[in-house]
Amino acid sequence: MTRTVAGAEQWARQNVTTAGGGGFYNGYNWNGMCQALMFRACALSSSASTAYQAYLASGADHPDWSAAPRGAFHWWANYGAPDPGHVALDLDGGGTRCLMASSKLSGGEDFAPGGYCIGTQSVPRYTSLSGLRYLGWTLDNVGSRMADVGTPGPGNNPSPSDYVLTADDQRVLQTLAQRGGYTGPVDGVMGVNSWKGVQTAVRGYGYTGPIDGIPGTNTYKAIQSLAQDGGYTGPVDGILGPNTIRGVAAWLQSHPPTTTPAPGPAPAPPAGSYIYGIDVGTSQANLDFLAARSAGFRFCVVKSGGSNDGTHLPYTSPYYTRQVDAARAAGFLVGHYWMTGWGTASGDAAYFLSHLHDYRPGDPLMIDVEGVDGSPVWTDAQTAAFINAVKSGLGATPFLYTYSALLTSRTWTQTQATGAKLWIADYGMPAGSPRIGSAYPTWAIHQFSSTGSVKGIAVDMNVAKPDAFGSATLPPAGPNPVPDPTPDIPLTDGVTLQRVAQLGGYVGPLDGVLGPNSWRGIQTYLTQLSLYTGPIDGVPGLNTYKGLQLLAQRGGYTGPVDGVLGPNSYTGLRNYLAQVGGAVTISTTDAKTLQQLAQRGGYTGPVDGILGTASWRGVQTVLSQGYYNGPIDGVPGPNTYSGLQRLAADYGYTGPIDGVPGPNTFAGVRTYLSVTAGGPGPISTADGIVLQRIGKAGGYTGALDGVPGVNTWKGVQTVLRGYGYTGPLDGAPAANTYKALQTLAAAGGYTGPIDGVMGVNSWKGVQTVMRRFDYTGPIDGIPGTATYAAMQRMAKLGGYTGPADGVLGPYSWRGLQACLRGSGYAGLIDGAPGAGTYTALQRLAQIGGYTGPIDGIPGPNTYRALANLV
């Protein structure tokens, strides 16, 4: 268990001059041991090799140091290469007094003047003295949290930059917070409630975190995304500055708040004027309700739950409460609908009534009768029973929602008798012209499209008759054109999309203003590539946007295919356009070279110079051995081409790694094919002895005669496979490390559970295996200096370079973890080395300093590095 904050400070003051395993282990002082100090002083359960690595393993950060609570961990990184970084423990909250291991204590408190480099310092002064970049604070440090960590404060500087929000800036943010339900004063002092309002308001701009009033990077990035709609052109990096605030202010001006009319009947709109609205469920989790309201929609029906899923039990929709709140805050008339299915009319009605959120008189209620997800389609009698039960409970009559074909296939006598109005889904018909036949006297709401879009998120679009909602309070009434819910697209990105449209026959201007002809060209091209199956109608919907993201994947895009185009989607599209525009040209000769390379990756087709998906899969498989980390999908993009250049660079190519391979790149690839054509050559006696010494670590007991045979290679393969450790190389042994040690112990006869709890029998197995590393003590299950010294000798195979003194420190453990993890070999322990064995051998050699290609062809440099290990 971790210590209290006061306990950590006390430990630090008592161990200022403590050296060795319990204190500083560099022999001099605490300088450079900031994370080690945190590990020891706070009694953390896990650690990492550097402060920056610990930061990466410690969860989401909060950039505002002034909001940090007592017990938070503050993090810094070097500019450029972030390692090793720095960390400190906040002793009082607010970043004013932080425990740290550093020589930058001027102006703070040095616990022991004289060079021990341990004391306290404030966050801003350390940042100034060190020149490091402040990353933010976290409550965790590699999964551990102080025993008495405090509560975060509101803070006053939500940015890792030097910019501090002014009172005017904070008034702008509080005005934004009002759009998210904040009702407090606009006084220029942001607090928890202000931030909760901001977090609610930016839901539609990518924020998916909790509404907790504690702003962090994700909150700030969402604010910047919103600011972009107000003209902000800077990066979305989570660092707020004056330009971000200007963008927010402009957004607020262009998105005036909705004014709620006085209670009572809504003003009668002009004759023939319909009311447009949307309905939302789980697919609209991150919908921007403010943007939807600004687009002209006036009512929003939210899915409350249903009984249609596989449990056959009633449930509440996961986003129901959040969506009702957001829709209400945006000014919508809010409705609630229930999806029927496996439940009974009385049971579903009771659940629906008891789980309504923020129901207000006049809110429309709906019962959805469809038979979704294979659930039963309710009868007229069941539907009427549900409606009557809700009427008895609330005095309000739910609408019947169903689709045209189902409506006209049966009679609805009992449902009509309840007085329920009809909400009918009939796509493909003009808004306001649904097909209901004689099944129902008239309709009240027509769901006429499922392909609407608000900032890239698909929505169903509905039109209601002027009297559909009775005396409910609506947003301001009046003539209301059909909303245009097309997401806002910057002109630069619009030009990119028009260039895609040109590939589908678009001949209009490249002005960034997308119209139906632009979208028809895009849909035509996506259809030709089998990336889109919808209509060529010039009206973009979710499937159009998803098709564009699939196309962007061919240009290196690796994000989700969710229909929400972002900066990375457009970057992928631009990369793709560069490829098809002639930036990457591959001759028939070079294509044959690539097919020969692909054969090394499993390609079995002809070498005919015609590159297809199978050829590229083979190429990507080869490149995945250290040159490429993208998908093996047979679709070449910039990452694939850059991987080819990296491979070629190991064989003579000296040009740029720019993702545009040319003749020199392919010459390097041909050199690779030539050099590696013969497989690994004969093994010298000296190199054979190196392999046998490695094999001893895997159980080889034969002579060191330099002639490796089956048993030698079995031992080598055992070492390369490792013992199942998958954790970080952090030098801090925890359960996963000990589980791997127990797996190692099994090679020494241990038969107990692999549970990470080392006991006598576990250690007996380890001691037996340590015989391979010159352990000569008893097999008694009581580890001591001799056992640990043997483990340090084993750790040398993992890169440990210290003495075998029997004192296991972080560097010893890090080397052991590397051994227990292995080198990526997953083949059989059969004593017959192949490409997998040789490739893994080269990875092991990297620990010894090998920097050449991982090509499965070990040469002098490979064996020289292996000799360094043994």
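Couple of notes before you dig in:
- Nearest 10 degrees, 0 to 90: helix 760-770 Cα axis against the chain principal axis: 60 degrees
- Spacing of the two label points (7 Å from each Cα toward its C-beta) at Ser684 and Thr183, in nm: 8.4 nm
- Per residue value of the accessible surface for the chain (all protein chains in place, 1.4 Å probe), Å²: 41 Å²
- Relative frequency of Cα-Cα separations exceeding 18 Å in segment 265-402, percent: 55 percent
- Positive-pole candidate from Leu744, Val302, Pro490, dipole of the chain, charges at beta carbon: Leu744
- Cα gyration tensor, segment 5-145 - rounded (a/c under 1.5), prolate or oblate: rounded
- On the beta carbon distance between Lys465 and Ser409, with R0 = 22 Å, the FRET formula returns roughly 0.35.
- Between Ala381 and Ser450, the FRET efficiency estimated from the beta carbon spacing at R0 = 30 angstrom works out to 0.55.
- Cβ-defined net charge surrounding Gly626, 13 Å radius [Lys, Arg +1; Asp, Glu -1]: 0
- Length-normalised contact order of segment 685-811 in % [C-alpha pairs under 8 Å, at least 6 apart]: 16 percent
- For the chain, the 222 nm mean residue ellipticity estimated from helices alone, with every DSSP H stretch of n ≥ 4 adding -39500 (n - 2.57) and the total spread over all residues, rounds to -11000 deg cm²/dmol.
- Euclidean distance of C-alpha centroids, segment 492-559 and segment 168-230, integer Å: 34 Å
- Set of segment 736-767 residues, backbone N closer than 20 Å to the point 7 Å along the Cα-Cβ line of Ile782: 758-767
- Exposure rank, largest accessible area first [Met366, Met461, Met429; 1.4 Å]: Met429, Met461, Met366
- Compared with the alpha-carbon gap, the fully stretched path from Thr18 to Ala396 is longer by 128.6 nm at 0.36 nm per residue.
- The label-point distance for Asp511 and Leu129, in a model that sets each label 7 Å from Cα toward Cβ, rounds to 6.1 nm.
- Each peptide in 792-803, 62-73 was scored by the mean count of other Cβ atoms within 10 Å over its residues; highest first, the order is 62-73, 792-803.
- Cα principal axis extents for the chain, largest first, Å: 99, 73, 54
- In units of the compact-protein estimate 2.2 N^0.38 Å, segment 564-673 shows a Cα radius of gyration of 1.02.
- Electrostatic tally near Pro853: other residues with Cβ closer than 11 Å to its Cβ, Lys and Arg +1, Asp and Glu -1, net -1.
- FRET efficiency estimate (nearest 0.05) - Cβ-Cβ, Ala250 to Tyr359, R0 35 angstrom: 0.45
- Segment 731-793 and segment 97-113 have their alpha-carbon centroids 41 Å apart.
- Anisotropy class assigned to segment 491-581 is rounded, per the alpha carbon gyration tensor with a/c under the 1.5 cut-off.
- Over 28 Å between alpha carbons, listed pairs Lys196/Lys421; Lys421/Lys546; Lys592/Lys714; Lys739/Lys796; Lys465/Lys546; Lys764/Lys796: Lys196/Lys421; Lys421/Lys546; Lys592/Lys714; Lys465/Lys546
- Bins of 5 Å from zero: percent of alpha-carbon pairs in segment 167-254: 3, 18, 28, 30, 17, 3, 0
- Sequence-separation-based contact order of the chain, relative, with Cα cut under 8 Å and 6+ spacing, percent: 6 percent
- Of all DSSP beta bridges in the chain, antiparallel share, percent nearest 5: 55 percent
- Per-residue extension of 0.36 nm, minus the Cα-Cα distance of Asn31 and Ala112, leaves a gain of 27.9 nm for this segment.
- Taking 0.36 nm per residue of sequence separation and removing the Cα-Cα distance, the Asp608/Thr589 pair yields an extension gain of 5.9 nm.
- Note on the chain: dipole from Cβ charges, positive end direction compared against Asn543, Tyr403, Met190; the farthest Cα belongs to Asn543.
- Cut-off 12 Å between beta-carbons: net charge of the residues surrounding Trp342, Lys and Arg +1, Asp and Glu -1: -3
- Here the accessible area of segment 491-581 is 54 percent carbon and sulfur, with a 1.4 angstrom probe and all protein chains present.
- Surface composition of segment 276-464: carbon and sulfur make up 54 percent of the accessible area, probe 1.4 Å.
- For segment 46-77 versus segment 122-144, the gap between their alpha-carbon centres in whole angstrom: 7 Å
- Degrees separating the helix 710-721 axis from the principal Cα axis of the chain, which is the longest one: 40 degrees
- Crossing angle, helix 5-14 versus the chain [Cα axis fit, 0-90 degrees, rounded to tens]: 20 degrees
- Spin-label model, Ala350 to Asn711: label points 7 Å out along the Cα-to-beta-carbon direction sit 7.6 nm apart.
- Leading residue at positive end of dipole, the chain (Cβ point charges), from Gln323, Gly784, Val248: Gly784
- Rounded to the nearest 20 debye, the dipole magnitude of the chain is 1300 debye, with +1 charges on Lys and Arg beta carbons, -1 on Asp and Glu beta carbons, and the Cα centre as origin.
The values are calculated or read from the model by the stated rules, or taken from the named source; none is laboratory data. Because the structure is predicted, anything quoted here is derived from the model rather than measured. Reconstructed Cβ throughout: ideal geometry from the backbone, glycine too, with neighbour counts over all protein chains shown. When the accessible area is computed, the model is the full protein with side chains, heavy atoms only, and any ligands, DNA or RNA have been set aside. Shrake-Rupley method; radii C 1.70, N 1.55, O 1.52, S 1.80 Å.
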